[in-house]
Amino acid sequence: MIESSPNSLDLRQGTDSQSERIGELIYDPLVRKDDHFNLKPWLATSWNRPDPLTWVFHLRAGVRFHDGKPMTAEDVAWSIRSMTNGAILTAKGGAFADVIAVSVRDPLTVVVKTSKPDESLLFNLSDGLFGVVENGAGSNEGLHPVGTGPFRFVEQVQDKEVVIERNPAYWAGAPKIERVRFEVTPDNITVALEMRKGSADVESNVLTQDMVHALRGVPGVVVETGPGARVDYATFNVTDPALRDKRVRQAIACAIDRDALIAALWRGRAEKAETLLPRGHWAAAGDDQLPQYPHDVERAKQLLDAAGLKPDKDGVRLRFTLKTSTDETTRLEAQAIQAQLAQAGIALSLRPAEFGTFYSDITKGAFQMYMLRWIGSNEDPDIFRYTSATASFPPKGANRGRFSDARVDALLKQAGEETDEAVRRREYVQVQQILADELPTIPLWYPDNVVVHSKRLTGVTLNPGGNFDFLRTAELAP
């Protein structure tokens, strides 16, 4: 069961979590991330770099698309080219902006040339972010996706369901589950009831922790928990007059009591985040390297005073609106944050909307502040280019808050071209330090990865990225 319909199952275009998690079951990438975010061979069995501007990918033989056509270098070349040549409009295109040529050396060899060294290219060709499509596949690919992955697309009904079936000829071994129906159920209470009744087999990171707690010990229900790489965050529209001053954004951060929210709403099954990168990532800045915003209402008031925001006759210093989707956990978080901000004289209005409307609004910049999560995309420091570079305003990226800083742009350019990992880390730490000061985005927390499933579903192995990889190997008893 999933909370919303995917925006596009074509991994070149889909950027929401449902698109990426279901899309990666239909399509194969060139490389796949392991549990420690190291990149391993997949459709590309090996690769080499004869010089810093050239990548040579050697492809796996004998792979076929779901319609029976063999996968060749022409398909891979088109999949990369189409991200930047205008064939499709995609926010992921910015990740390939440095690609100047993609050529086919032979049926199983692709050569990619870049205008400057691009150390994040390989990550951007990995699972969830990229999938190989057939040569010539255009902007409508997501309506009837044809990939080489473990499952084949059957049908999608908007706001109702997505159905996929086992690819019996999958080169890496056919899944054991014959058919998967992802039922779109925005209401978490309904999801919990269906799991309790046994009329649904699995949900992944949909339910509130209170609901998960209530399902523990229910006959026929299994709760699996592990560390997660997902990060929840709040982003400001920094062009909005009410939120343009960084002291106002810092005050809002000080007024949010993340410890209390984690204890109450997450039952302690989350950790505070200070950056978008996962815990323990090689490029993540340490807490001691970043400005901190512990819960401090008085500091929040002082920052608002310094920004010229004095209390009005009702004691209100600032009024603004938070946009969210309608999922239950986010709704509860927003209500709790609303109450916390009120203590600092901040009147927060809440405007939830179904996911399609919400996502359209934030992409257009029609918001003051919104809450969402990163799943998968934050496992490489290229997330900072995607979310914070001036060149990444939508539709070219996910800098939805229109943040622009010449220092960040310069550091991201240097880090993207640098081949020495220690130097790259220093540059990315500087980026995180600037972002933690300017605060266009507040990293909130890393929730645990929680999957609730029926006992008849076995072999469920959790992935820190919170994806649906467990469907590749799980079994379903009659």
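The values are calculated or read from the model by the stated rules, or taken from the named source; none is laboratory data. All values derive from a computational prediction rather than experimental measurement. Glycine also receives a Cβ, built like all others from the backbone with ideal geometry; neighbour counts cover every protein chain displayed. All accessible areas refer to the heavy atoms of the entire protein, side chains included, with ligands and DNA or RNA removed. Shrake-Rupley method; radii C 1.70, N 1.55, O 1.52, S 1.80 Å.
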task = Please find, within the stretch 302-329, the residue that is farthest from Leu372 (Cα to Cα) out of those that are open to solvent by 60 Å² or more (accessible area, probe 1.4 Å) and under 33 Å from the mean Cα position of the chain (by Cα).
result = Arg319
remark   = All-but-one check, Tyr233 against (1) assigned to a strand (DSSP E or B); (2) of a type outside the set (Val, Ile, Thr); (3) closer than 22 Å to Asp159 by Cβ, failing number (3)
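Please count how many residues of the stretch 154-190 are of a type in the set (Phe, Trp, Tyr) and either in contact with a Lys or Arg (Cβ under 6 Å, 6 or more places away or on another chain) or touching a residue at least 24 places away in the same chain (Cβ under 8 Å) (or both).
Within the stretch 154-190, residues that are of a type in the set (Phe, Trp, Tyr) and either in contact with a Lys or Arg (Cβ under 6 Å, 6 or more places away or on another chain) or touching a residue at least 24 places away in the same chain (Cβ under 8 Å) (or both) number 2.
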query = Is it fair to say Asn48 is touching a strand residue (DSSP E or B) at 6+ places or on another chain (Cβ under 6 Å), surrounded by fewer than 20 Cβ atoms within 10 Å (Cβ to Cβ), of a type outside the set (A, V, I, L, M) and not in a helix (DSSP H, G or I)?
reply = yes
key: One residue from Gly68, Gly86 being surrounded by fewer than 23 Cβ atoms within 10 Å (Cβ to Cβ), at positive phi, in a loop (DSSP other than H, G, I, E, B) and modelled with pLDDT of 95 or more   = Gly68
query = Any idea which residue in the stretch 243-264 is farthest from Pro443 (Cα to Cα), counting only those that are assigned to a loop (DSSP other than H, G, I, E, B) and open to solvent by less than 30 Å² (accessible area, probe 1.4 Å)?
reply = Leu243
request  = Kindly indicate which of Asp437, Asp420 is touching a residue at least 12 places away in the same chain (Cβ under 8 Å) and either under 27 Å from Ala336 (Cβ atoms) or charged (D, E, K, R) (or both).
outcome  = Asp437
ask   = Say we look at the stretch 454-468 and pick out the residues that are farther than 17 Å from Trp374 by Cβ and in contact with a helix residue (DSSP H, G or I) (Cβ under 8 Å, 6 or more places away or on another chain); which of these is most open to solvent (accessible area, probe 1.4 Å)?
value = Thr461
query = For Thr90, are the conditions met, namely being touching a residue at least 40 places away in the same chain (Cβ under 8 Å) and of a type in the set (Val, Ile, Thr)?
reply = yes
request  = Of the conditions (1) open to solvent by less than 70 Å² (accessible area, probe 1.4 Å); (2) closer than 30 Å to Gly466 by Cβ, Asp35 clears all except one; give me its number.
outcome  = (1)
request  = Read through the list (1) touching a residue at least 40 places away in the same chain (Cβ under 8 Å); (2) of a type in the set (A, V, I, L, M, F, W, C); (3) in a helix (DSSP H, G or I), then give the number of the only condition that Leu193 fails.
outcome  = (1)
message = Looking at the stretch 184-191, can you tell me whether even one residue there is at pLDDT 95 or above, of a type outside the set (Val, Ile, Thr) and out of contact with any Cys (no Cβ under 9 Å at 6 or more places or on another chain)?
response = no
note = Across the stretch 439-478, the tally of residues that are under 18 Å from the mean Cα position of the chain (by Cα) and either charged (D, E, K, R) or under 30 Å from Asp245 (Cβ atoms) (or both) stands at 9
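Of the residues His281, His295, which is part of a loop (DSSP other than H, G, I, E, B) and under 24 Å from Gln250 (Cβ atoms)?
His295 is the lone residue from the list that is part of a loop (DSSP other than H, G, I, E, B) and under 24 Å from Gln250 (Cβ atoms).
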request  = Check the stretch 55-63 and report whether any residue there is over 20 Å from Val99 (Cα atoms) and in contact with a Gly (Cβ under 7 Å, 6 or more places away or on another chain).
outcome  = no
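If you check Phe151, Phe236, which single one turns out to be buried (at least 23 other Cβ atoms within 10 Å of the Cβ), touching a residue at least 24 places away in the same chain (Cβ under 8 Å), over 13 Å from Leu25 (Cα atoms) and of a type in the set (Phe, Trp, Tyr)?
Details: Phe151 fails: over 13 Å from Leu25 (Cα atoms).
Answer to the selection: Phe236.
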task = Return yes when Val56 is modelled with pLDDT of 95 or more, open to solvent by less than 20 Å² (accessible area, probe 1.4 Å) and within 28 Å of Pro168 (Cα to Cα) and no when it is not.
result = no
query = Applying the selection to the stretch 134-145, what residues are part of a loop (DSSP other than H, G, I, E, B) and under 21 Å from the mean Cα position of the chain (by Cα)?
reply = Pro145
inquiry  = For the stretch 320-354, which positions are touching a Pro at 6+ places or on another chain (Cβ under 6 Å) and of a type in the set (S, T, N, Q)?
reply    = Thr324, Thr326
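Right, Val104: closer than 30 Å to Glu178 by Cα and over 21 Å from the mean Cα position of the chain (by Cα) or not? If you could, list the steps in order and put the result at the bottom.
Numbers: closer than 30 Å to Glu178 by Cα: no; over 21 Å from the mean Cα position of the chain (by Cα): yes.
Considered against the rule, which asks whether it is closer than 30 Å to Glu178 by Cα and over 21 Å from the mean Cα position of the chain (by Cα), Val104 comes out as no.
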request  = Among what's in the stretch 381-408 and is assigned to a loop (DSSP other than H, G, I, E, B), open to solvent by less than 20 Å² (accessible area, probe 1.4 Å) and touching a residue at least 40 places away in the same chain (Cβ under 8 Å), pick the residue that is nearest to Arg425 (Cα to Cα).
outcome  = Pro381
